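**Q** Supplied in structure tokens, the structure appears directly below.
Please treat every number below as a calculation from the coordinates, not as lab data. Since the model is a prediction, treat every value here as computed from it, not as a measurement. As a convention, Cβ positions derive from the backbone with ideal geometry for all residues, glycine included, and neighbour counts pool all protein chains shown.
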Amino acid sequence: MIRLATPQDAPQLYQLNERFNGPGGAPVEAIAAALAANAQEVVAVAQVDGALAGFACAQVKRSFCYQSPPVEVTEVFVSPACRRRGLARAMLAFLEDYCAEKFGASEFTLLTGRRNAPAQALYRNAGYTANDELMMEKEIHL
């Protein structure tokens, strides 16, 4: 089952995120608070046999510049034991449908590694195409 995440999912999301991004992520309490209050982020979860098997996150980019806000898919993760079941693609479709209905979004973007062939295949199969944009970043040390 694919559904929106709730604050009650925070302990399981914490464990999944540790497996995905490694240690040092947000603590359970911060995850629960973000799920309760962050109106710019939409988090979908895949539930298998009563436990969370994956998550996908999207950021709604609200700006006066856009009539309908673009959405960036920022995270997609499925536990290795539950892969190859269509869960990642189902979560992407859920995010797209939800954001289109709730926010009027019609443009979805995402960033993935140049060497992450499995993720690239997933995104292509879901209808995403590569573009000629260049991502730049800057780290600020305080």
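**Q** Mind sorting LEU4, LEU142, LEU35 by how few other Cβ atoms lie within 10 Å of their own Cβ, fewest first?
**A** Listed from fewest to most nearby Cβ atoms, that is LEU142, LEU4, LEU35.
**Q** Around GLY54, which amide H atoms from residues at least 5 apart in sequence, or from another chain, sit under 5 Å from its own amide H, with H modelled in the peptide plane?
**A** Close amide H contacts, sequence-distant or interchain: ALA46, SER79.
**Q** Going by the alpha-carbon gyration tensor, a ≥ b ≥ c the square roots of its eigenvalues, is the chain rounded (a/c under 1.5) or, if a/c is not under 1.5, prolate (a/b greater than b/c) versus oblate?
**A** Taking the square roots of the gyration eigenvalues as a ≥ b ≥ c, the chain is rounded.
**Q** If you don't mind, another one. Rounded to the nearest 500 deg cm²/dmol, what is the calculated helix-only ellipticity per residue at 222 nm for the chain, with -39500 (n - 2.57) per DSSP H run of length n ≥ 4?
**A** -10500 deg cm²/dmol, from helical runs alone.
**Q** I've got another one for you. What nm value, rounded to one decimal, do you get for the distance between ARG115 and GLN47 when each label is placed 7 Å out toward the C-beta?
**A** Distance between the two pseudo-spin positions: 3.8 nm.
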